[in-house]
1. For the Cα atoms of the chain, what angle does the longest principal axis make with the long axis of helix 183-194, in degrees from 0 to 90, nearest 10?
2. Where does each of Ser143, Ser249 land when they are ranked from fewest to most other beta-carbon atoms within 10 angstrom?
3. I need the peptides 168-178, 87-97, 117-127 ranked by packing, meaning the mean over residues of other C-beta atoms within 10 angstrom, with the highest value on top.
4. Which of the lysines could a cross-linker bridge to Lys124, judged by Cα under 17 Å and excluding same-chain residues fewer than eight apart?
5. Give the angle, between 0 and 90 degrees and rounded to the nearest 10, that separates the Cα long axis of helix 96-108 from the longest principal axis of the Cα atoms of the chain.
6. Just to confirm a number: summing +1 for Lys and Arg and -1 for Asp and Glu over residues other than Arg47 whose beta-carbon lies under 14 angstrom from that of Arg47, what do you get?
7. Using mean Cβ contacts within 10 Å as the protection proxy, how do 208-217, 107-116, 280-289 order, highest first?
8. Return the whole-Å distance between the Cα centroid of region 1-72 and the Cα centroid of region 98-168.
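Only the coordinates and a few stated rules stand behind these numbers; no lab work does. Worth saying up front: this structure is predicted, and the values here are computed from it rather than measured. Neighbour counts run over all protein chains shown; Cβ positions are idealised from the backbone, glycine included.
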Amino acid sequence: MSEFKMFDHMQQYQYEQVIYFYDKPTGLKGITVIHNTVLGPALGGTRIWNYKSEEEALVDCLRLARGMTYKSAAAGLNLGGGKTVLIGDASKVKSEAYFRALGRFVQSLNGRYITAEDVNTSTKDMGYIAMETDHVVGLEGKSGNPSPVTALGIFNGIKAGLMFKFGDADIAQHTFAVQGAGQTGYYLIGYLLEAGAKKVYFTEINPKHIDRMKKEHPEVVFVKPDEIFSQDVDVFCPCALGGALNDSSIPQLKAPVICGSANNVLLDEVVHGNMIKDRGIVYCPDFVTNAGGIINVSHEMKGYKRENAIADTTRIYDRLLEILTLAKEKDITSQEAAKLYAEQRIQTMRDIRSNYIPR
Ligand code: NAD
């Protein structure tokens, strides 16, 4: 394997800072990456994972931190991108002391980085971190479960996709296929039904989630997991796992619009982004549509008010229309356009701060 050249990588992708930390008493071992703070402090969750190697942990942290820069910038937030990964088995390492030790490292960054929940961390864990630092969000009794807000963002993304493709954003005129009825898919189906969706199909692999849907919404039609892509519907909503849009699924799609919650849903951004574009399908970029969760949690920083978080989340509609239009004008994939949109916002804000204004 070729040697990983850290500074070359930082230079190429413009990372600001990479921090390794270790706490002997608790065995806390982790990495925080701050990718970009032009717009504001770097916000990104803390993930615990049993990485096979330190390099694997580093690469994951670098990738996730950069993704957060794009997500927050495209969401119109005054936040930069960062992430923390902790190396270990989540079922063994967690304790009050472990998270308080992490909180102390977060505090040492003096607000340049704000942490939150991610894979294998909870609101309870954030509570321990908050005992040592103010730079943590996602606390109990504050912004609450992000999934309904994420789903609301997807719902608004779908409306933008429909408007762009059909010139109308009326959910009642259209049909939908939802892959995954977990946290986000479940709430999304609720919003679609509330808006009078003509027909909704869904698939799931978790029997509990299938039963819940059948019990609460018997009008929603269950299809087998491998049949969801080929449903003859207007919108395909991937709300399960990453990589769902790939060589095998894209040719099966009949839906002219794709909009869902799943992160990294394009197995290969370039290859599969172009495959979708060549088929004339409108793809609503994942990191733009699924930003409701981060928009919601970011409101904790200014005294959480649900109605403000909701209002900000509905703006995903306008932002997505702008991005889809940019993609059309430049004849690029919508994923590329979304990145360009985020980069342009960062650059513009960097430029307007070129003069000194005392506050
Ligand atoms: P979840 O685990 O609650 O739901 C996913 C569901 O998909 C599960 O019920 C699972 O059984 C089902 N599933 C998995 N593979 C499947 C398959 N092949 N066919 C059918 N069903 C399948 O997760 P979630 O919170 O709803 O998140 C879904 C996606 O959205 C993830 O990629 C997540 O990273 C992303 N996301 C979630 C949020 C949020 O607020 N929850 C925010 C941003 C992004």
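1. 40
2. Exposure proxy ranking, most exposed first: Ser249, Ser143.
3. Numbers: 168-178: 19.5, 87-97: 15.0, 117-127: 17.9.
In decreasing order of mean packing, 168-178, 87-97, 117-127 become 168-178, 117-127, 87-97.
4. Lys92, Lys94, Lys142
5. Orientation of helix 96-108: about 80 degrees from the principal axis.
6. Counting the neighbours of Arg47, the net charge comes to -2.
7. Averaged packing, sorted descending, gives the order 280-289, 107-116, 208-217.
8. Cα centroid of region 1-72 versus Cα centroid of region 98-168: 17 Å apart.
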